[in-house]
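What follows is a short report on a single structure.
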Amino acid sequence: MISEDAQYRYITSQIVDRIDKSASALKRFIRLFSAVVGGSICLATNKPLDAVTRSTYVLLSDALAVVTMPVFVVLVVESRRSWYDYRWAQTELGGLDETGGHRIRPPKLFPAAVGELVMLLAMLLASALFCWFTPFLLAPSN
């Protein structure tokens, strides 16, 4: 049988881990997205491209930017969902006080999820701006 203290420590460690996973997902998105943007700028400005190559690069770079964004959105959303579940487990483990209320306050998505919402909006905005201002269309043509 696992003691309540051990259960509480485990649940608390999982809550902290889920918060870290959201931040980690944003960091990975920034690294990958920076590589896409930097690579696109390098390819677009390194030498003149013919129209067919340029349009192919536009399609591929936009697709890469758009496809990667939902992957990281799912990672952030799932981390928050998991955090919420572990917080409920922590609340239930804390039991009720003499008035029938929870000893540990139940989780609330808002304002707790504001950080994740900002992350998601930043990812969406970055992807949209990249597609709008694709380096291959802004660089001088052949």
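Each value in this text was obtained by applying a stated rule to the coordinates, not by laboratory testing. Bear in mind the structure is a predicted one, so any value in this text is a computation, not a measurement.
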Exercise. Helix 114-132: angle to the longest alpha-carbon principal axis of the chain, degrees 0 to 90, nearest 10?
Worked result: 10 degrees
Exercise. If one takes the longest principal axis of the Cα atoms in the chain, at what angle in degrees, from 0 to 90 and to the nearest 10, does the Cα axis of helix 51-94 lie?
Worked result: 0 degrees
Exercise. For segment 57-124, what's the relative contact order in percent, using C-alpha pairs closer than 8 Å and at least 6 residues apart?
Worked result: 32 percent
Problem set entry | Gain on full stretching of the segment that runs from Asn46 to Val66 - 0.36 nm per residue minus C-alpha separation | 4.8 nm
Exercise. Going by alpha carbons, how many degrees (0 to 90, nearest 10) lie between the helix axis of 4-46 and the longest principal axis of the chain?
Worked result: 10 degrees
